[in-house]
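The values are calculated or read from the model by the stated rules, or taken from the named source; none is laboratory data. Only a predicted model underlies this, so the values are computations on that prediction, with no experimental measurement involved. Cβ placement follows ideal geometry from the backbone for every residue including glycine, while neighbour counts extend to all protein chains displayed. Each accessible area value is taken on the protein alone, full model and side chains, heavy atoms only, with ligands, DNA and RNA left out. Shrake-Rupley method; radii C 1.70, N 1.55, O 1.52, S 1.80 Å.
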Amino acid sequence: MHGVGTRAVQAPCLFARLRMEPRRSRFRTRGRARASSWVRASGTDDVKMGVVIVDHGSRRQASNDLLGEFVRMYKEQTGRPIVELAHMEIAEPNIETAFAKCVEQGATMVAVSPFFLSPGRHWQEDIPHLAALAAAKHPGVGHFVAAPIGLHPLMVDIVDSRLETCLKRLTGGGSACDVCNGTDFGCKLARGVSEV
């Protein structure tokens, strides 16, 4: 099981400050520039931030394409100009390639943001190791690995929205969500059926 070990025990405290009342997204305004937060975090105006959003990677192309769609939405809604996608393994581009693309676009600092729910082994060991290997090829470019999604309060809204969409679909009052649309998966009611 991922995340089992001495390091994983400390992970919940990282998210303790996020256990607060639900709030609205900071990114309601499309194209909103966030450069000032990067400047405040770095303590200098010289930093040009690049973002690598990384998932596990899949043999299913549709799963990999989903990350591409998320990265497009993220870039559009945040206004951050240098955003690349990466897969930790199995699929391309990998972290090294995405990191290099950020540097080619002028990034002097690269944030590697795991598109993972839990702070397991990949976040604690694999992604930092792969990010460090990528950074070693670009002397003078700083980097850090951000926290995974974790117990963020907006996750409650997301899970409930998916649940409500499925319930509407099951009762004949709604259409499939963006994830289930065009597939044979999701939003199917099963009653005491066991497959042996």
query = Tell me, what ³J(HN,Hα) does each residue in the range 131-143 have, in order and in whole Hz, if you take phi through Karplus 6.51 cos²θ - 1.76 cosθ + 1.60 with θ = phi - 60° and put x for Gly and Pro?
reply = 5, 5, 4, 5, 5, 4, 7, 9, x, x, 9, x, 7
ask   = Between Gly79 and residues 5 or more places away or on another chain, which pairs have amide H atoms under 5 Å apart, with H built 1.01 Å from N, and which residues are they?
value = Gly31, Arg32
inquiry  = Give me, ordered by chain and number, the residues 5 or more places off Gly50 or on other chains with an amide H under 5 Å from its own placed amide H.
reply    = Thr108, Met109, Val110, Ala111
message = Can you compute 3J(HN,Hα) from phi for each residue in the range 79-95, using the Karplus curve 6.51 cos²θ - 1.76 cosθ + 1.60 with θ = phi - 60°, rounded to whole Hz and x for Gly and Pro?
response = x, 6, x, 10, 9, 10, 9, 8, 10, 4, 7, 6, 10, 10, x, 8, 4
request  = Pop the C-beta distance of Ala62 and Val156 into the FRET formula with R0 = 22 Å and round what comes out to the nearest 0.05.
outcome  = 0.25
ask   = What is the sum of charges around Gly50, taking Lys and Arg as +1, Asp and Glu as -1, for the other residues whose C-beta is under 12 Å from the C-beta of Gly50?
value = +2
ask   = Shape call for the range 104-176 from the C-alpha gyration tensor, a ≥ b ≥ c root eigenvalues: rounded (a/c under 1.5), prolate (a/b greater than b/c) or oblate?
value = prolate
Potential extension, Glu69-Phe144 segment - 0.36 nm per residue separation minus Cα distance = 24.7 nm
remark   = The distance between the Cα centres of the range 104-145 and the range 67-98, in whole Å, is 13
request  = Using the Karplus curve 6.51 cos²θ - 1.76 cosθ + 1.60 with θ = phi - 60°, work out ³J(HN,Hα) for each residue of the range 145-156 in order, rounded to whole Hz, and write x for Gly and Pro.
outcome  = 9, 6, 6, x, 4, x, 8, 5, x, 5, 4, 4
Surface per residue (accessible, 1.4 Å probe) for the range 62-177, Å² = 52
note = With all protein chains present and a 1.4 Å probe, the order of Thr78, Thr171 from largest accessible area down is Thr171, Thr78
